[in-house]
Structure formats: C-alpha cells, structure tokens
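See below for the structure under consideration.
The values are calculated or read from the model by the stated rules, or taken from the named source; none is laboratory data. A quick note: this is a predicted structure, and the numbers were derived from the prediction, not measured. Cβ coordinates were reconstructed from backbone atoms using ideal geometry, including for glycine residues, and neighbour counts include every protein chain displayed.
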Amino acid sequence: MENYTFDKVARGERYFTSTILPILLTANNNAGVKNLFEKCFDHAPEEGDFELVTELDPLRDGSVYNNSVKELFKKEKRVAVPDLFLRINDKIIILEGKFFTFPSSNELEKQIEEQKRAFEMVQDCTKYENTETKFVGLTVNELSLTDPYQCITWDEMIEVVSNGNDLTSGQYFLEILQDAIGRAKDEWEEVKSKTNVTYERISFNDMRERAGELIQEGKVFVGFSEGLVALKEMNLEELKNRDHYRISSIQWSDNWIPITKVLERFIEVEYVKFSLDD
C-alpha cells in the first residue's frame, strides 16, 4: 500500500469500539443493540429505557456528584475503564473490546474482573442495584472465558449489527470495520506463525499416562473439533481410538478445551461401561 487513506490504516481500539461500533449498533432505531442483547441474554429485550456510554470510568465519573464514590475514588483511583456500557431497562452489557491486540483468555478475564469490581463498588450508589449485568469480551481471535463472562468475536459482531438491519446510512462504517477485521485477522495469523508454541500430537493412551507431566508443563489444552459439545457425545471407543490428539499451552480457540475435560469424559464413560457390565 503506497498511498493510503487514514480510515484504511487506523489501528486505535477506541476508534472501533467507541466510535464505529456504537454507530452501527444504534442504526435503524437501535436494531443492533437489540440483537446484541438477544445474543448475550438469550432473549430479545423489551422496548424501554436506553443508555449508552463509551469509555466509562465508574469511580472517577461518579466521584464528581456522589460523596461516597468520591471517597472510593480517592482510595482506589482508576480501577478499570470498559469500552462500552449499554443498558435497556434492567439489563446491562459491559463490553471490553480488543482489536489489533490478541490477549489470552486469562489476560482478558483479569481485565474484565477489574471492570466488574469497579462497577460493583459503585453499584449501590447508582440506579443499577436491581439489574442483571453481562460482562463481555470482544476479540478478533476466538477465546473461551470462564462463566459468567462471555466472549464474542468481531466477525460475530458483524452478524449482530447486520442481522435484519438496514445499514444503508452506516454502510461506510460497516465497510471500514470489515476491512479492519481482515487486517487484524491477518496479523493474528502472523502472530500464531511466529510463536514458539507448537502443537504436540499424542495418542489417547499417551495423554492419559502423561497427564500429570503435561499439566506441569502447562500443556493443558486439547484441540477438539466442535469443542465440549462433541466431547460429550463421544463414547469410550471413540475416545481411545481417535487417530491423535493435539496438545498445546495456548487455547487457540473455543475448540481447544482443558485436558481435564477430556479425562473427565474418559472416567465417565469408563465408569458407565463397568457399571453396566456388573
């Protein structure tokens, strides 16, 4: 790319999470917002009181108007600043977006935990005491987060803002976002190709016998097509006779599941087998 426009090379996470994303979510009478709440809460929200705040600092912002929060802010200072706060009636989504950075599940969870802590510290000083809150990560690379946290990809967010939504007026922003997602995914593939972490291919028996050693080495993720859903359907023979298993210290996507889950499934089907024989 010799000559370029700024919108084709922009890399700021705030540009995407705090500018472009709100524009697309709120287009066509908040159609994307409603889709996002349906995705995160498993049901569409009722029409009602709506609120959107970007770059929210729960302690600093509230400290100007509330003495209790002012004392908290003096003590805690800045704790965490989520990218996007969305509310419809008594349902809240607090979202942390990543774009040209690729955190691990653990890294993202730690950041979201701090955002949750900051929100909960001021919650009884707000009108959000009787609300249900979802804490969501938004990433280029697929990640699995520990319940109750959720993670969705930017590709999934494109579906959220586009599903049943007339984005004629936001087409420019949609194209900018799609182009940036493509660039970020290319960089993610490059990061993966340069990492020193490699997959280790082992048999089921090797995995079972070396479980303690693998865990000690941090090789705790197993590549498993369709993830936990497929694992729960496997019987003993299918587990034992699989051609090989891929082991890694990185959870490359949702299809990389903890080795303990595979071993738990083995124990479960082995126990059932012997109890039936008895």
At least 1 residues that are surrounded by 15 or more Cβ atoms within 10 Å (Cβ to Cβ) and in contact with a Phe, Trp or Tyr (Cβ under 9 Å, 6 or more places away or on another chain) in each: list the helices (runs of 4 or more DSSP H) lying fully within the stretch 13-115 that qualify.
21-41, 58-63
Inspect all residues belonging to the stretch 9-30 and state whether any of them is touching a Lys or Arg at 6+ places or on another chain (Cβ under 8 Å) and in the same structural domain as Leu177 (by TED's automatic domain parsing).
yes
Among the residues of the stretch 160-176, write down those that are assigned to a loop (DSSP other than H, G, I, E, B) and touching a helix residue (DSSP H, G or I) at 6+ places or on another chain (Cβ under 6 Å).
Asn163, Asn165, Asp166, Leu167
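Take the stretch 33-53 and flag every residue that is of a type outside the set (D, E, K, R), touching a helix residue (DSSP H, G or I) at 6+ places or on another chain (Cβ under 9 Å) and under 24 Å from Asp147 (Cα atoms).
Val33, Asn35, Leu36, His43, Ala44, Pro45
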Enumeration of residues in the stretch 229-248 that are assigned to a helix (DSSP H, G or I), aliphatic (A, V, I, L, M) and at pLDDT 85 or above:
Leu231, Leu236, Leu239
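For (1) crowded, with 17+ Cβ neighbours inside 10 Å; (2) assigned to a helix (DSSP H, G or I); (3) free of Cβ contacts under 8 Å to residues at least 60 places away in the same chain; (4) not assigned by TED's automatic domain parsing to the domain that holds Val33, each residue gets a yes or a no:
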position: Val122; (1), (2), (3), (4): yes, yes, no, no
position: Glu129; (1), (2), (3), (4): no, no, yes, no
position: Gly137; (1), (2), (3), (4): yes, no, yes, no
position: Leu145; (1), (2), (3), (4): yes, no, yes, no
position: Asp155; (1), (2), (3), (4): no, yes, yes, no
position: Ile158; (1), (2), (3), (4): no, yes, yes, no
Out of the residues in the stretch 202-223 that are over 18 Å from Asn141 (Cα atoms) and either at pLDDT below 80 or of a type in the set (A, V, I, L, M, F, W, C) (or both), state the one that is surrounded by the fewest Cβ atoms within 10 Å (Cβ to Cβ).
Ile215
When residues of the stretch 249-278 are limited to those that are over 23 Å from Val220 (Cα atoms) and not in a loop (DSSP other than H, G, I, E, B), the one modelled with the highest pLDDT:
Tyr271
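Can you say whether Ile176 is surrounded by 14 or more Cβ atoms within 10 Å (Cβ to Cβ), in contact (Cβ under 8 Å) with a residue 40 or more places away in the chain and closer than 29 Å to Arg246 by Cα, as far as the supplied structure shows? Write out each step before concluding.
On the way: surrounded by 14 or more Cβ atoms within 10 Å (Cβ to Cβ): yes; in contact (Cβ under 8 Å) with a residue 40 or more places away in the chain: yes; closer than 29 Å to Arg246 by Cα: no.
When the stated conditions are applied, Ile176 does not pass them.
Can you name the residue in the stretch 1-11 that is assigned to a loop (DSSP other than H, G, I, E, B) and in contact (Cβ under 8 Å) with a residue 24 or more places away in the chain and is also surrounded by the fewest Cβ atoms within 10 Å (Cβ to Cβ) among such residues? Spell out how you get there, then give the answer.
Our first condition is that a residue be assigned to a loop (DSSP other than H, G, I, E, B); within the stretch 1-11, this holds for 1-5, 9-11.
Remaining after also requiring in contact (Cβ under 8 Å) with a residue 24 or more places away in the chain: 10-11.
On the way: Ala10: 17, Arg11: 13.
Per the stated criteria, the residue is Arg11.
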One residue is enough: does the stretch 165-172 have a residue meeting the conditions hydroxyl-bearing (Ser, Thr, Tyr) and either closer than 18 Å to Phe41 by Cα or touching a Ser or Thr at 6+ places or on another chain (Cβ under 6 Å) (or both)?
no
